[in-house]
1. Would you mind computing, in nm to one decimal, how far apart the modelled labels at residue 153 and residue 39 are, each placed 7 Å from Cα along Cα→Cβ?
2. Would you please give the FRET efficiency between residue 75 and residue 99, computed as 1/(1 + (r/R0)^6) with r the Cβ-Cβ distance and R0 = 30 Å, to the nearest 0.05?
3. Restricted to Cα positions, what overall size does region 123-162 have along the principal axes? Three whole-Å values, descending.
4. So how tilted is helix 129-150 from the main axis of the chain? Cα-based, degrees 0 to 90, rounded to 10.
5. What is the Cα convex hull volume of region 93-162 when expressed per residue in Å³?
6. So what's the angle, to the nearest 10 degrees on a 0 to 90 scale, between helix 98-120 and the longest Cα principal axis of the chain?
7. Arranged from highest to lowest average of other beta-carbon atoms within 10 Å per residue, in what order do the peptides 97-106, 162-171 appear?
8. When N is the residue count of region 10-180, what does its C-alpha Rg come to as a fraction of 2.2 N^0.38 Å?
């Protein structure tokens, strides 16, 4: 349950879930600005990407478990998620097939536009379990493409395409909830 205060509170910045969210953002910014992905060993890079992906779930779990859901967190988390996702996408662009890179880029752009619409209207949107699962699949796909850049496993390409299709299915579900369902 979101706290009753409607205004954003600066002290909410220091709630554990928001600190986890910001840590994810700062880690992605640090990697993107100061390192090339090919300076990391493959499995270490997979570990870093998995850590970023896991932190995306942990912040929400912590917020609900410790009753630290805040208005700031409900805005900060999805904004940071989009930024981190796009940073990872551009940071690792050389390892992705074009269809995956542009597929994610287009989908994330549509999500940003939908999020802006939701923020500027009185509409609210609850994150679906499909959405969470889709994000997990995409993070797995990113990790698999990192592994695939060192090896050539066809399975990882198929996994990535199925994940991307599911990710668009989730976007259509949100589109339906925002614009069609009354």
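1. For the pair residue 153/residue 39, the computed spacing is 2.7 nm.
2. Numbers: r = 32 Å, r/R0 = 1.06.
After rounding, the FRET efficiency stands at 0.40.
3. Result, largest extent first: 45, 14, 13 Å.
4. 30 degrees
5. Convex hull volume per residue, Cα atoms: 81 Å³.
6. That works out to roughly 10 degrees.
7. Values: 97-106: 15.3, 162-171: 17.0.
Descending packing order for the listed peptides: 162-171, 97-106.
8. Working: Rg = 16.2 Å, N = 171, 2.2 N^0.38 = 15.5 Å.
Dividing the Cα Rg of region 10-180 by 2.2 N^0.38 Å gives 1.04.
Read-outs throughout are calculated quantities, based only on the coordinates presented, and are distinct from any laboratory measurement. In this text the structure is predicted, and so the values were computed from the model without any measurement. Reconstructed Cβ throughout: ideal geometry from the backbone, glycine too, with neighbour counts over all protein chains shown.
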